[in-house]
Amino acid sequence: MEILVCVKRVPDTAENEIEVRKDGTDIVRDDLVYSVNEWDNYAVEEAIQIVEKVGGSVTVVTVGDEDSEEVLRREMAMGADNGVLLSDPAFVGSDGKAIAGILKAEIEKGNYNLIFTGAQADDGAGQVGGMLAAMMDVPYASLVNHIEVLDDKKLKVGREIEGGNQEMHEIDLPCVLSIQTGINEPRYVGIRGIRKVASVEIPVHGASDIGIAADAVGAGGAKVKLVDYFMPELGEGAEMLEGSTEEIVDKLIELLKAKGGLK
Amino acid sequence: MAGQIFAYIKHNEGVAEDSALELVAAAKKFAAGAAVTAIVTGSNVDALCNDMAASYQEVWKIDNDALSYPNAEVLRKVLLNILPNDAVILIPHDTFGMDLAPGLSIKIDSPFVSDIVDYEVEGDTLKAIRQEYSGQAHTHVECDISNGLVANIRPGVFQPDESKGVSGQVIDKSADTGDLTTGRHFLEIVEAEAGDVDITKSDVLVSIGRGIEDEENIEIAQELADAMGAVVSCSRPIVDAKWLEKSRQVGTSGQTVKPKVYLAMGISGSFQHLGGIKGNPFIVAVNKNPKAPIFQVAEVGVQADILEFMPELTEKIKGL
Ligand SMILES: Cc1cc2nc3c(=O)[nH]c(=O)nc-3n(C[C@H](O)[C@H](O)[C@H](O)COP(=O)(O)OP(=O)(O)OC[C@H]3O[C@@H](n4cnc5c(N)ncnc54)[C@H](O)[C@@H]3O)c2cc1C
Ligand SMILES: Nc1ncnc2c1ncn2[C@@H]1O[C@H](COP(=O)(O)O)[C@@H](O)[C@H]1O
């Protein structure tokens, strides 16, 4: 099985308090800790496990700037065989559709049976996987939390739906699957693993290498334009308890008693 | 002018989901009085179509045994066959809408806006509000809808429009579906397993999120719950990490709970988590980030480290 996994470098929401710039053009990016999008990490782990079972290779690809190379290396330290960085000034500001188009152009240069994306990116819209499948005209399943390889033409997949129930399907290869968290337990990547892949060559492909017209992508080509970031007007909001920890605990206990929270 | 407006009706074997009437309200954001067409797909959906005709000016019925389970891969083909190219189509942003809509937007060549929490329409421009980073930042996005739109609307943000009183017309489009074969075949639903405790039965929940940081720290929450006579529930990352059973997860892909009191400990307050909390409980949030979205929905908030705060609370309660 030749598997391609699309990964994205995003600000790590578990490590940062996200703030919006005063002018609303972006979030405050100084001192942000970045990592690989959580969903994508599960996707790479799943790809590695499938290849361990049935053979083949795992390639990780990202559309991003030069800093995005670090997430490719991290996923290669996990066990992905190859990495490809799709980078070009023309790609900056692309909307989801353009990202899917760029990924498709790269995919067509290879010979992949199976494509994974994350179910959504922390700064995304849960759209790239479904768009990519439609552009490639192959079957798609989103929110996949179970994969079984039936033979070289078919998979059995489970989709996570409401209430923790699971929708089982048979799906023809090649196909695109968007992977939901919890499908596996992604392996730990230590410093040593990262060092091992530190000097591996990662090819960089720009618009002309993959045959993308520069004006079809980037901010200029975006059909859906991001106007600004803002913090919502806080409605009523919570009453924040202030004071020493002891005072707060006492107040809280009174409130809990009143609301039936203590037995 | 944008094209004809459609709403995709989600239902469980003929029983409409809440989103069916939420989309009536959402559609009113277009030109006042604009006609909206409900799309009902499935098998034996006559009763549902008649119901929807009380809320929508037009109902397109697509009745076919092959559509008895809503397989998004098949329904995308159906919609492509029946929708005009410049259709504006509203779809609930749930696990079905996420499966269906992005690909539909490509095939029908219209812009896609996902997970909309609010919007306005000015002329041919849609101005929508979305969220990023689990609700920590909001954005305005814009697109031209004169050639159509695929819009996923977040469930629960529009109040269902119960006014009814419309005498809509049901139009049978069942013959227009075209070929229904796809490369993805629905097999069955596997239901979620029951777990060690039933969090839906508890009046008081001590719910932990990623802020608990380590599996060993769950003990700290358990001690607080024991002192309070409460049960420990959690957000999704705790289950993904296999620290607690899936049956303890609160949220759209977990359990729906209706406690009297809900303590959100180190939980940011994503909509998928909040979607599992019903019945207006008294929510107390403890979080070290004062801007965490959970503070917008909680009654009472404490800015603190839960690993320090919970033991203090437990001690005091034990001493009562
Ligand atoms: C289709 C789909 C379905 C989903 N279904 C669900 C669902 O059913 N239930 C669910 O919960 N999620 C669900 N999610 C995931 C959801 O989007 C969020 O990712 C998740 O709810 C975040 O969990 P969290 O709040 O625990 O973690 P985070 O968002 O990482 O928040 C952790 C919070 O803890 C705070 N914190 C950190 N350390 C401390 C400390 N020591 N003391 C105090 N505070 C601290 C941080 O400030 C932060 O606010 C779903 C996602 C998708 C795509
Ligand atoms: N810039 C990108 N490069 C590579 N893959 C991406 C990129 N953006 C999104 N993806 C993939 O698409 C998934 C969904 O992202 P989104 O549609 O932006 O929420 C992510 O989990 C990635 O797998």
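The values are calculated or read from the model by the stated rules, or taken from the named source; none is laboratory data. Predicted model only: the values in this text are computed from it and were never measured. Reconstructed Cβ throughout: ideal geometry from the backbone, glycine too, with neighbour counts over all protein chains shown. Ligands, DNA and RNA are excluded from the accessible area calculation, which covers all protein heavy atoms including side chains. Shrake-Rupley method; radii C 1.70, N 1.55, O 1.52, S 1.80 Å.
So here's what we get for this one:
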{"read-out": "Residue in segment A:50-60 that is surrounded by fewer than 19 Cβ atoms within 10 Å (Cβ to Cβ) and either within 13 Å of chain B (Cβ to nearest Cβ) or near ligand 2 (Cβ under 10 Å from one of its atoms) (or both) present", "value": "no"}
{"read-out": "Cβ-Cβ under 9 Å pairs, at least 6 apart or on other chains, segment B:203-220 side open to solvent by 10 Å² or more (accessible area, probe 1.4 Å) and more than 8 Å from ligand 1 (Cβ to nearest atom), far side in a helix (DSSP H, G or I) and of a type in the set (Ser, Thr, Tyr)", "value": "B:Ile220/B:Thr314"}
{"read-out": "Failed item, numbered, when A:Thr25 is tested on (1) under 14 Å from B:Ala137 (Cα atoms); (2) open to solvent by 70 Å² or more (accessible area, probe 1.4 Å); (3) within 16 Å of ligand 1 (Cβ to nearest atom); (4) not aromatic (Phe, Trp, Tyr)", "value": "(3)"}
{"read-out": "Condition broken by A:Gly124, with the remaining ones in (1) buried (at least 24 other Cβ atoms within 10 Å of the Cβ); (2) within 16 Å of ligand 1 (Cβ to nearest atom) satisfied", "value": "(1)"}
{"read-out": "Unmet criterion (only one of (1) of a type in the set (S, T, N, Q); (2) touching a Ser or Thr at 6+ places or on another chain (Cβ under 6 Å); (3) more than 14 Å from chain B (Cβ to nearest Cβ)) for A:Ser208", "value": "(2)"}
{"read-out": "Residue under evaluation A:Ser178, criteria (1) within 9 Å of chain B (Cβ to nearest Cβ); (2) part of a loop (DSSP other than H, G, I, E, B), criterion not met", "value": "(2)"}
{"read-out": "First in segment A:116-131 and closer than 11 Å to A:Gln180 by Cα, second anywhere and of a type in the set (Asp, Glu) and within 6 Å of ligand 2 (Cβ to nearest atom), Cβ under 6 Å, 6 or more apart", "value": "A:Gly118/A:Asp40"}
{"read-out": "Count of residues meeting criterion [under 19 Å from B:Pro259 (Cβ atoms) and assigned to a helix (DSSP H, G or I)] in segment B:297-313", "value": "4"}
{"read-out": "Sole residue being within 12 Å of chain A (Cβ to nearest Cβ) and assigned to a strand (DSSP E or B), chosen from B:Val141, B:Val121, B:Val170", "value": "B:Val141"}
{"read-out": "Only one of A:Gly193, A:Gly163 that is within 20 Å of B:Asn71 (Cα to Cα), away from ligand 2 (no atom under 14 Å from the Cβ) and in a helix (DSSP H, G or I)", "value": "A:Gly163"}
{"read-out": "The lone exception for A:Ile107 - which of (1) touching a helix residue (DSSP H, G or I) at 6+ places or on another chain (Cβ under 8 Å); (2) over 27 Å from B:Ser270 (Cβ atoms); (3) more than 13 Å from ligand 2 (Cβ to nearest atom) it fails", "value": "(3)"}
{"read-out": "B:Gln169 being outside the structural domain of B:Pro290 (by TED's automatic domain parsing) and within 29 Å of B:Leu80 (Cα to Cα)", "value": "yes"}
{"read-out": "Any hit, segment A:243-262, residues being surrounded by fewer than 18 Cβ atoms within 10 Å (Cβ to Cβ), assigned to a loop (DSSP other than H, G, I, E, B) and at pLDDT 95 or above", "value": "yes"}
{"read-out": "Extreme residue, nearest to A:Thr25 (Cα to Cα), among residues of segment B:86-105 that are at the interface with chain A (Cβ under 9 Å from one of its Cβ atoms) and out of contact with any strand residue (DSSP E or B) (no Cβ under 8 Å at 6 or more places or on another chain)", "value": "B:Asp94"}
{"read-out": "Inter-residue pairs, beta-carbon under 8 Å, first at positive phi and in segment A:242-253, second of a type in the set (Lys, Arg) and open to solvent by 20 Å² or more (accessible area, probe 1.4 Å), 6+ apart", "value": "A:Gly243/A:Lys251"}
{"read-out": "The listed residue being of a type in the set (Val, Ile, Thr), touching a His at 6+ places or on another chain (Cβ under 9 Å) and open to solvent by 70 Å² or more (accessible area, probe 1.4 Å), out of A:Val204, A:Val227", "value": "A:Val227"}
